[in-house]
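Chemist: Take a look at this one; I'll ask things after.
FYI, it's all coordinate maths here, none of it is from the lab. Not measured: the values here are computed from a predicted model. Counting neighbours? That spans all protein chains shown, and the Cβs are built from the backbone with ideal geometry, glycine included.
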Ligand code: XBP
Ligand code: MG
């Protein structure tokens, strides 16, 4: 019989961005899409419930196409539809960056505290997201701390992999650049698509939910919580708690 695989110590945390670091979907991306539609003279409007349905598809360009499939199907036959979607999405990214640079979108409870604790303990940090790279930087700099982008050793974002979440590709891309096996890392996610991607790459995953993801299927997650807990909450998720979940998942795999 071959020996049980040994779970290495936890060496890196890999964070999703949208919905995990901040409630960017409802209050950032959605209004940015709407602003871009308005600038383009379109009467399309994504309200909060409709946007929740459109979140089934990750990636902004992919999400616009998905919307057209449901609501303006005839436009998909246009010869220039790909470039039209791409231009709309570039405008949306500009709107998003401007909005987030106002610094009004806070990190979710406990995110800044846990990141500070992880850095102090010498853990490596990375990001795996489907959103556009500029969006990650503006959020980190304006909602977390000036210079925070540099805290993340690897930032996997946007189109660096063609297949977006729930495909595991973005997590594999990040792991490869970290030079670590999945077993030495832990992912933090907020959605079923994100969880599938992280589990598909072999990562122990902790989920914090939000209004859009509360009803998702989180089977396979090591923990599912409403958030990481405010700084003074006795139930807050600490680094030792993450280490314990990571070790428990490793132990469960080896039996
Ligand atoms: C995030 C996404 C992204 C953003 C929009 O998913 O699906 O599409 O909503 O970003 P996850 P872009 O949190 O699972 O990574 O418009 O820049 O694509
Ligand atoms: Mg997310």
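Chemist: Just from its helices, what would the mean residue ellipticity at 222 nm be for the chain, if runs of 4 or more DSSP H residues each count -39500 (n - 2.57) and the sum is divided by every residue, rounded to the nearest 500 deg cm²/dmol? Walk me through the numbers on the way to the answer.
Modeler: Working: 9 runs with 101 residues, N = 255.
Calculated at 222 nm, the ellipticity per residue is -12000 deg cm²/dmol.
Chemist: Dimensions of segment 26-101 along principal axes (Cα, Å, largest first)?
Modeler: For segment 26-101, the Cα spread along each principal axis is 36, 23, 21 Å.
Chemist: Right, next: Given just the C-alpha atoms of segment 92-206, how large is their convex hull per residue in cubic angstrom?
Modeler: On the way: hull volume 12.0 nm³, N = 115.
It comes to 104 Å³ per residue, whole-number rounded.
Chemist: Could you put 51, 96 in order, starting from the residue whose Cβ has the fewest other Cβ atoms within 10 Å?
Modeler: Working: 51 20, 96 26.
The fewest-first ordering by Cβ neighbours comes to 51, 96.
Chemist: Restricting the count to DSSP beta bridges whose residues both fall in the chain, what percent are antiparallel, rounded to a multiple of 5?
Modeler: On the way: 1 of 20 bridges.
Of the beta bridges lying entirely in the chain, close to 5 percent run antiparallel.
Chemist: Next question, about the same structure. Sort 214-222, 79-87 by packing, meaning the average of other beta carbons within 10 Å per residue, with the highest value first.
Modeler: Values: 214-222: 14.6, 79-87: 12.6.
Top to bottom by mean Cβ count within 10 Å: 214-222, 79-87.
Chemist: Using only the Cα atoms of segment 156-224, build the gyration tensor, take square roots of its eigenvalues as a ≥ b ≥ c, and label the shape rounded, prolate or oblate: rounded if a/c is under 1.5, else prolate if a/b is larger than b/c, else oblate. Display every interim value, and only then the final one.
Modeler: Working: a/c = 2.33, a/b = 1.41, b/c = 1.65.
Oblate shape, in that a/c is at least 1.5 and b/c is the bigger or equal ratio.
Chemist: Can you tell me the 0 to 90 degree angle between the C-alpha axis of helix 60-71 and the longest principal axis of the chain, rounded to 10?
Modeler: The two axes meet at around 50 degrees.
Chemist: From the Cα gyration tensor of segment 70-112, with a ≥ b ≥ c the square roots of its eigenvalues, which class applies: rounded if a/c is under 1.5, or else prolate if a/b is larger than b/c, or else oblate? Let's see the in-between values first.
Modeler: On the way: a/c = 4.43, a/b = 2.51, b/c = 1.76.
Because a/c hits 1.5 or more and a/b exceeds b/c, segment 70-112 counts as prolate.
Chemist: Would you kindly give the portion of the calculated P(r) for the chain that falls above 22 Å, as a percent of all Cα pairs? Could the numbers behind the result be given before it?
Modeler: Values: 17699 of 32385 pairs.
Taking all Cα-Cα pairs of the chain, the fraction more than 22 Å apart is 55 percent.
Chemist: As I understand it, the value is the acute angle between the Cα axis of helix 169-178 and the longest principal axis of the Cα atoms of the chain; what does it come to in degrees, rounded to 10?
Modeler: On a 0 to 90 degree scale, this one is about 50.
Chemist: Could I ask something else about it? Helix 81-100 versus the longest principal axis of the chain: what is the Cα-based angle in degrees, 0 to 90, to the nearest 10?
Modeler: So the helix axis and the longest Cα principal axis differ by about 60 degrees.
Chemist: With a ≥ b ≥ c the root eigenvalues of the C-alpha gyration tensor of segment 15-159, is it rounded (a/c under 1.5), prolate (a/b larger than b/c) or oblate?
Modeler: Details: a/c = 2.33, a/b = 2.15, b/c = 1.09.
Prolate.
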